[in-house]
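Values quoted throughout were computed directly from the atomic coordinates according to the rules given, and no laboratory measurement underlies them. Keep in mind it's a predicted model, so treat the numbers as computed, not measured. No Cβ is skipped: glycine too gets one built from the backbone with ideal geometry, and neighbour counts run over all protein chains shown.
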Amino acid sequence: MGKSYNKDGSHWQQAAARLWHSVVSEGLIKTLKGERQRGNNLGPVWALDCGCGHGKASDGMMAAVHKAMQEHRHEIGGHRCLCVIHNDLPSNHWAELFNTVNAPAGYAAGGPPTAMAFASGKTMYERQAPDESLHLVVAFNSIHWMDHQPRPLSDGLVFQCSTDKEATQAWLQVKQRELETFLRLRSAELVPGGRIVVSWVETKEGGGVFKAVHNVVNVMADEGWVSRETASKASLPFVFLPMSTLLQPWEGLEAIWTADNEVFLHAYNTRVASGQCDEGKATEMFFDDLMLSARGWAEGMVTSFMADDCKRAAASGGLEGHNPADAADAVAAGVKQFYVTLRGELVRSYGNRPGPLGIKSHVFVIRKI
Ligand SMILES: C[S@@+](CC[C@H](N)C(=O)[O-])C[C@H]1O[C@@H](n2cnc3c(N)ncnc32)[C@H](O)[C@@H]1O
């Protein structure tokens, strides 16, 4: 999945992450002041960035943290090196991450003694650092991904829109266990007074923009692009839990910040107001933006749905006599059709009028007690 999260698709997440630079920086500065009061202000400051992806959001975030550490150096006991462990799955595009953070404009460009970037390529539901070694953990737009998917949603792609009670119940239980594991592991890794800053995405009732995503593979099955079996097995492995469910197991909660996400609607309004284009063209661009964004995070998963469909067709004799190049073409054609269908569903569910995403992003600051 890491590779599918490209720079084109990430801009709304990056915009949201930018809102929270000050929240993250203030949290860390409080931790470091506390550490100084306890007479411990030597050595590097360690941060863990869970689910970093290509690092486009992380870079700005860590640059803000680094700047805050320099501005507050007298309160935190002098210059300390910021060391960041960027974490993602092994399949992440690590070269792109390091090219970003170590680039001349990247937060780690100066190297020691000011800042350094490291990586940990394994699931965040395993230990990432020694006991009581981290000052800060951030997890932006990542902890809603399922580490384990208990069973597919039988009626569509998206958890919030599914009416498959047994599957959604099973997913909820798994996700709650994953969250507890995440907190337990990070709690062991944080220094006393260390902070976790984590973003959480919630959709409005009905699923917001995801209502359009939910049905895409079913529509493709109706139109003969994929088999019914593929449609009933394909699911996007993320759970946007309601806040009430999320908050229950969490103690030491310091702040909740909420941002409504209207970034594409804002772009539409700006294009029309500035005269850059007329309403019709701006509407087309609005739906193109939504599509491109979905493509950024979904491409890897959509490709695997279509590859599975080809394998099923081959196994049932549907691709008999076809060579691997044909199968690759069939996968590519299926992926292309997925986005054509998605665009159609987006236009339909929005009534061909630009609107908000129906997604809220929250950020929690949790202090280790
Ligand atoms: C939507 S991207 C967010 C990237 C970045 N943090 C941001 O805010 O723009 C989600 C990232 O989480 C990673 N991810 C998903 N499950 C993970 C897991 N179990 N352990 C580590 N990373 C994971 C994905 O590979 C992906 O790169």
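When only C-alpha pairs under 8 Å and at least 6 residues apart count, what is the relative contact order of region 176-313, in percent? Reported as a whole number, the value is 24 percent. Dividing the mean sequence gap of close Cα pairs (under 8 Å, 6+ apart) by how many residues the chain holds gives a relative contact order of 22 percent. In loop segments of region 286-369 as defined by DSSP, the GluC sites (Glu not before Pro) with at most 12 further C-beta atoms inside 10 Å of their C-beta are Glu320. When peptides 281-289, 183-191 are ranked by their average number of other Cβ atoms within 10 Å per residue, the highest-first order is 183-191, 281-289.
Can you tell me the order of 107-119, 77-89, 35-47 when each peptide is scored by its average per-residue count of other Cβ atoms within 10 angstrom, highest first? Let's see the in-between values first.
On the way: 107-119: 17.5, 77-89: 20.3, 35-47: 15.5.
Highest to lowest by the protection proxy: 77-89, 107-119, 35-47.
Say the cut-off is 21 Å between C-alpha atoms; which of Lys33/Lys67; Lys56/Lys281; Lys56/Lys122; Lys165/Lys204; Lys165/Lys360 go over it? Intermediate results must be reported in sequence, preceding the final value.
Values: Lys33/Lys67 16 Å; Lys56/Lys281 29 Å; Lys56/Lys122 19 Å; Lys165/Lys204 19 Å; Lys165/Lys360 24 Å.
Pairs exceeding 21 Å: Lys56/Lys281; Lys165/Lys360.
Here region 146-185 has an Rg and Dmax of 10.9, 34 Å, counting Cα atoms alone.
Once the Cα atoms of helix 56-71 and of the chain are each reduced to a long axis, what angle between those two axes, in degrees from 0 to 90 to the nearest 10, is obtained? Orientation of helix 56-71: about 10 degrees from the principal axis.
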